[in-house]
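Colleague: Got a structure for you, questions after.
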Amino acid sequence: VEGAAASATGFLPKDTGFVVGFNFPKLKSTRLWEKLSPKIMEGEAKAALDEIKTECGIDALNDFQSIVVAGDPKVDEKKIIIAVTGKWDKKKADACMVKMAAKKDNKVLRTNNNSKGRNNRRKDSLKR
């Protein structure tokens, strides 16, 4: 286990049901990527990638380094963790997450560092 996957295992709950991780540059050099990439560049996925690039200045296909997705055994979408590393700084990534979360579901994603230097992120409703 390396990259984001190695650091992700340190903050996952003990009852985590699944963990999937990719080293993105390595994935892009595989035959699997040759088959997947045309599908990624169409429809909703392309629209999402274009929106992140326009709104945040992050070119996901070229800037992502590693991605880890983990969740509970029942695959409850409210209990999914996504850890991403890439070619950006913390300030830019945090601003992007807050902006995209607010835009998508009228919620804001707040970030702060805990005592161990890790980021804690929490969604709060903008409607009070």
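The values are calculated or read from the model by the stated rules, or taken from the named source; none is laboratory data. What you are looking at is a predicted structure, and each value in this text was computed from that prediction instead of being measured. Counting neighbours? That spans all protein chains shown, and the Cβs are built from the backbone with ideal geometry, glycine included. These area figures cover heavy atoms from the full protein model, side chains too; ligands, DNA and RNA do not enter into them. Shrake-Rupley method; radii C 1.70, N 1.55, O 1.52, S 1.80 Å.
Colleague: (1) in a strand (DSSP E or B); (2) open to solvent by less than 50 Å² (accessible area, probe 1.4 Å); (3) modelled with pLDDT of 80 or more: which one isn't true of Gln65, the others all being true?
Modeller: (2)
Colleague: Something else about it: Residues of region 61-97 being touching a strand residue (DSSP E or B) at 6+ places or on another chain (Cβ under 8 Å) and small (Gly, Ala, Ser), which ones?
Modeller: Ser66, Ala70, Gly71, Ala83, Gly86, Ala93 - these are the residues of region 61-97 that are touching a strand residue (DSSP E or B) at 6+ places or on another chain (Cβ under 8 Å) and small (Gly, Ala, Ser).
Colleague: Hey, among the residues in region 72-124 that are of a type in the set (A, V, I, L, M), part of a helix (DSSP H, G or I) and closer than 19 Å to Asp50 by Cβ, which one's modelled with the highest pLDDT? It would help to see each step written out before you state the result.
Modeller: Narrowing region 72-124 to residues of a type in the set (A, V, I, L, M): 75, 80-84, 93, 95, 97-98, 100-102, 108-109.
Right, trim to part of a helix (DSSP H, G or I) and you get 93, 95, 97-98, 100-102.
Now drop any that are not closer than 19 Å to Asp50 by Cβ, which leaves 93, 95, 97, 100-102.
Working: Ala93: 83, Ala95: 86, Met97: 81, Met100: 83, Ala101: 79, Ala102: 79.
Among them, the one singled out is Ala95.
Colleague: Scan region 21-33 residue by residue and report those that are in contact (Cβ under 8 Å) with a residue 40 or more places away in the chain and among the small types (Gly, Ala, Ser).
Modeller: Listed by number, the list holds a single entry, Gly21.
Colleague: Ok, one more. Give all pairs with beta carbons closer than 8 Å in which a residue from region 6-20 that is modelled with pLDDT under 80 meets a residue that is surrounded by fewer than 15 Cβ atoms within 10 Å (Cβ to Cβ); count only pairs at least 6 apart in sequence or on separate chains.
Modeller: Here the result reads Thr9/Val1; Phe11/Arg118, each pair linking region 6-20 to a residue that is surrounded by fewer than 15 Cβ atoms within 10 Å (Cβ to Cβ).
Colleague: Just checking, which of Thr30, Thr54 is closer than 25 Å to Asp94 by Cα, exposed (fewer than 12 other Cβ atoms within 10 Å of the Cβ) and modelled with pLDDT of 90 or more?
Modeller: Only one candidate passes the filter, namely Thr54.
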